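First comes the structure, then the notes that go with it.
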Amino acid sequence: MSNPLSIQTEAAPFAGQSMILSAISPTHLLSGYRTSKVVGATVVNEMDATIGTVDDLIVSPTDKSAFAILSVGGFLGIGAKYVVVPFSSL
């Protein structure tokens, strides 16, 4: 992430905003998680009992930490409750 580049973006929501871009090596991303693979995944505990499924992912705008929204309980989506957990705890 050396030499970030500041550019003007056409899609910026407000006039005059700029975006910082930086180069990331593709090998750095090999150990990452694609949201398309995580959303819908089953979450289990240490005893391999199903806790729920990942319904959504949210990134905090302040510190960029990721959170998973888990759908727990219910049957076929009816009566399920949503629980927010830090992505790092999965």
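Brief remarks on what is shown
- Cα-projected label distance for Tyr33 with Ser65, points at 7 Å along beta-carbon direction, nm: 1.5
- Counted by neighbouring Cβ atoms within 10 Å, the residues Leu30, Leu57 run from fewest to most as Leu30, Leu57.
- Taking 0.36 nm per residue of sequence separation and removing the Cα-Cα distance, the Ala23/Asp56 pair yields an extension gain of 9.2 nm.
No lab work stands behind these numbers, since they all come straight from the coordinates. None of the values given here were measured: they were computed from a predicted structure. Positions of Cβ are backbone-derived with ideal geometry, glycine not excepted, and every protein chain shown enters the neighbour counts.
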